[in-house]
Amino acid sequence: MPKAGKIHAVILAGGAGERFWPASRAKHPKPLLEVVDGQSLLDATAARARRFASKGCVWVVCGADHAAAIRRSTGLPPSRVLVEPMRRNTAMAVALAAQRIATADPEGVMAVLPADHRIPDVKRFASEIKRAAVAAAAAGVLVTLGVEPTRADTGYGYINIGRAAGADHPGLSHVRRFIEKPNAAAARRYLKHGGYLWNAGIFVFSARTILEEIEACEPALFKALAPLKKAGKRLTKAALLAAYRKAPSMPIDVAVMERSKKVWTLPVSFHWSDVGTWQSLAEELGVTDGLSKVVEGDLAHDDIGGNLVWTTNHGGHARTVALLGVEGLAVIDTGDVLLVARLDRAADVRDIVKKLKANGRANVT
C-alpha cells in the first residue's frame, strides 16, 4: 500500500431487504435486525470493518429514514454517515463514497461491504480484504471477492475465473465474466467443473480507480457527480440532491463491474452468507429435518420440526406458536403481520411486498 493511502470501509445500508418481510420494513430494514449472534447485521459488519480499516475510515451510505438509527448503532460521526436524498441503487452509493474519499484521501483504497452479510471468521476476512487492497492499489484494478461455492445454489450470481493475475499477486485472477443467477442445471455444472465462484458483492478498489472506471463504463453516472466534485470538502444538501437527481439508478455490478476490463477476483473459502431470505437464515441457524429453531418468541409445540419461528414482542408479550404436522415452514409474526411460508419459497416473499404496495397496503411494508 502506498504510504499516503488508507483503507476505507464503505458499508452499503440502503437496501430494503424485502425478502425478509415482514420483519424487515421500510422504517426498520434488515441490517438493523438482530437475527444471528445477538447483534444486528449492521453492527457485525461495522465490527468487521474496524478490523481492517484505517483509524476513522469507516463509512456508511444509507437513506434518510435510517440515518439517525445507524449513527446510534454504529457510533460513527455524522461526517462518516453519507445520507442519500433518494434511492439510486448501489452504483450511485459507491460513486458518492468514492468521490468523498477521493476528496479527503486521494490515494485511499475502499472496501465496499453490504450491511447485511454474515461472516463469522472476522480475522480471516480482514486478512483477505487487506490482501485485496494491496493488489488494488498496486495494479490499479477492481478486486471482487469470490466465495468458493459449497453447493449448486441458484440464489447467487457467479464469477467465472479467468487467467492468473501474475506472480506479483498470487491467488488473484482476472474475471472472465459475471453470470446472473443461473438455473439449477447450470449451477450444478459450475460446481462440478470448477472455475466459478459465488459473487459476494464485496469489492475493493482505490477511490481514484473506481471513479475512472465509472467515467469509462457509465458516463451518465460520472457526469452526475459534477456537483459533488464542485462542492469539494464542503458538501451541501443542495449539491447532493442535484447529483442524485441526475444519476441513473443501477447496481454497481451492471454499471461498472460487468463492463470494466480491470476486474480481478480473489477466491475466498471462509463461511459467508448474505442472509438474504428466511431459508438462508434457517440454514445459518441450523434448521434441519426434525430440528426447528426459534429466533425469538415462544414455540410451545412442534411435533415434526424443520421450521423457523420468529414472533416479536409486542405489548409485553410474544404470541405463542404451536405447530402440528408441518415442516419446512417459516412462521414470522410481527404483531401486525403474520407470514407463514414454505422455506423453499422464501425468495418469493418479495412478490408479496410488491403486491401489497400495488394494492395500497404500504402501511405494512
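The values are calculated or read from the model by the stated rules, or taken from the named source; none is laboratory data. All values derive from a computational prediction rather than experimental measurement. All Cβ positions, even for glycine, are placed from backbone atoms using ideal geometry, and neighbour counts span all protein chains on display.
Here is how the numbers come out for the structure above:
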{"item": "Residue in region 142-149 that is modelled with pLDDT of 95 or more, under 21 Å from Ser260 (Cα atoms) and surrounded by fewer than 21 Cβ atoms within 10 Å (Cβ to Cβ) present", "result": "no"}
{"item": "Wholly within region 72-151, strands (runs of 3 or more DSSP E) carrying at least 2 residues that are more than 25 Å from Gly195 (Cα to Cα) and not basic (Lys, Arg)", "result": "81-84, 109-114"}
{"item": "Boolean, Arg208 is basic (Lys, Arg), farther than 22 Å from Asp116 by Cβ and surrounded by fewer than 16 Cβ atoms within 10 Å (Cβ to Cβ)", "result": "no"}
{"item": "Total residues in region 258-292, condition without any contact (Cβ under 8 Å) to a residue 60 or more places away in the chain, more than 24 Å from Gly155 (Cβ to Cβ) and either buried (at least 20 other Cβ atoms within 10 Å of the Cβ) or of a type in the set (Asp, Glu) (or both)", "result": "0"}
{"item": "Failed item, numbered, when Ala255 is tested on (1) crowded, with 16+ Cβ neighbours inside 10 Å; (2) free of Cβ contacts under 8 Å to residues at least 24 places away in the same chain; (3) within 20 Å of Val109 (Cβ to Cβ)", "result": "(2)"}
{"item": "Which numbered condition Val364 misses (of (1) within 30 Å of Val141 (Cβ to Cβ); (2) hydrophobic (A, V, I, L, M, F, W, C); (3) surrounded by fewer than 19 Cβ atoms within 10 Å (Cβ to Cβ))", "result": "(1)"}
{"item": "Filter pass, Pro267 being at pLDDT 95 or above, in contact with an Asp or Glu (Cβ under 7 Å, 6 or more places away or on another chain) and not β-branched (Val, Ile, Thr)", "result": "yes"}
{"item": "Residues that are surrounded by fewer than 21 Cβ atoms within 10 Å (Cβ to Cβ) and of a type outside the set (D, E, K, R), drawn from region 293-314", "result": "Val294, Val295, Gly297, Leu299, Ala300, His301, Ile304, Gly305, Gly306, Thr312, Asn313, His314"}
{"item": "Residue that is nearest to the chain's Cα centre (by Cα), among those in region 16-52 that are small (Gly, Ala, Ser) and surrounded by fewer than 21 Cβ atoms within 10 Å (Cβ to Cβ)", "result": "Ala16"}
{"item": "Helices (runs of 4 or more DSSP H) contained in region 206-323 and holding at least 3 residues assigned by TED's automatic domain parsing to the domain that holds Gln39, touching a helix residue (DSSP H, G or I) at 6+ places or on another chain (Cβ under 9 Å) and of a type in the set (A, V, I, L, M)", "result": "207-217, 219-224, 226-231, 237-246"}
{"item": "Number of positions in region 150-185 that are closer than 20 Å to Lys262 by Cβ and either of a type in the set (Gly, Ala, Ser) or outside the structural domain of Lys262 (by TED's automatic domain parsing) (or both)", "result": "8"}
{"item": "Residue within region 154-167 that is within 30 Å of Asp37 (Cα to Cα), free of Cβ contacts under 8 Å to residues at least 40 places away in the same chain and hydroxyl-bearing (Ser, Thr, Tyr) present", "result": "yes"}
{"item": "Residue check for Ala330: in contact with a helix residue (DSSP H, G or I) (Cβ under 6 Å, 6 or more places away or on another chain), in a strand (DSSP E or B) and free of Cβ contacts under 8 Å to residues at least 60 places away in the same chain", "result": "yes"}
